[in-house]
1. Name the residue that is surrounded by the most Cβ atoms within 10 Å (Cβ to Cβ), counting only residues in the stretch 1-13 that are in contact with a strand residue (DSSP E or B) (Cβ under 9 Å, 6 or more places away or on another chain) and not in a strand (DSSP E or B).
2. Taking residue 143 as the residue in question, decide whether it is without any contact (Cβ under 8 Å) to a residue 40 or more places away in the chain and within 24 Å of residue 196 (Cβ to Cβ).
3. Name every residue in the stretch 14-31 that is under 16 Å from residue 81 (Cβ atoms) and part of a helix (DSSP H, G or I), in order of residue number.
4. So, of the residues in the stretch 14-34 that are touching a residue at least 60 places away in the same chain (Cβ under 8 Å) and surrounded by fewer than 17 Cβ atoms within 10 Å (Cβ to Cβ), which turns out to be farthest from residue 140 (Cα to Cα)?
5. Given the structure, is residue 112 more than 18 Å from the chain's Cα centre (by Cα) and within 18 Å of residue 25 (Cβ to Cβ)?
6. In the stretch 173-279, which helices (runs of 4 or more DSSP H) lie fully inside it and hold 3 or more residues that are at pLDDT 75 or above and surrounded by fewer than 18 Cβ atoms within 10 Å (Cβ to Cβ)?
7. Taking the stretch 98-121 only, how many residues are over 16 Å from residue 212 (Cβ atoms) and either assigned to a strand (DSSP E or B) or free of Cβ contacts under 8 Å to residues at least 12 places away in the same chain (or both)?
8. Restricting the search to the stretch 66-95, which residues are in a loop (DSSP other than H, G, I, E, B) and more than 27 Å from residue 119 (Cα to Cα)?
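The values are calculated or read from the model by the stated rules, or taken from the named source; none is laboratory data. Everything quoted here is computed from the prediction, not taken from an experiment. Cβ placement follows ideal geometry from the backbone for every residue including glycine, while neighbour counts extend to all protein chains displayed.
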């Protein structure tokens, strides 16, 4: 079991938790994830490691409340315990040697983009960050990104924060006048698809995180199976980072909707049980 030492609400649907785990805090690298179970009978879910503090022995996770398990997790508070917390898992992001990088985060995917931007900044890379949200109420990690970025752009669908538009609008303006060693995109599958299409036009290496399609996190369930360069890969054991120009996004998007109705039912059932416990 691991103790929750800090809990913070980042926006109405996204929560940040800091937990105690000395070994993970010392070993984890950008791009890796953990698997947790809220309780003994809970399902396992993978969550990307948003930050670590080796000296304080803490690991930070950020999650969106979208299903039964994240709903249960969000019911826990400071000094409560998470039953299982295992990691670090997955291959670390390959950032060595990159001198000029554009990091793009969409929505809660910014929680994954941030540790990558931080690691790049720490090694001395020139980091341009673009983040996108539907509106200002959903904005997260603004101050954190500013601290690790040489340039920082915010895009929002309604223009309520930053510039009105999508992340590819800002990206194309940059690509028209300069180039990057690599573009790293992390967010909704549709966003990563169009970022990859954009960078392919400019012949810029692009890495995407397929964390959004992971389920089991160990390669056994096959739920995160995807096609990369015509070959079958598993996001959890072969990734989660892949060449964005080789990922079959249409297939991944189609597969990602397969569990929607089941998860909706599980979420509604969990909400009903939690409400009953409160009453």
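1. 13
2. In short, no.
3. Of everything in the stretch 14-31, those that are under 16 Å from residue 81 (Cβ atoms) and part of a helix (DSSP H, G or I) turn out to be 22, 24.
4. 27
5. Taking the combined requirement at face value, the residue does not satisfy it.
6. 189-201, 249-256
7. 4
8. Result: 66, 67, 75, 76, 77, 78, 79, 80, 83.
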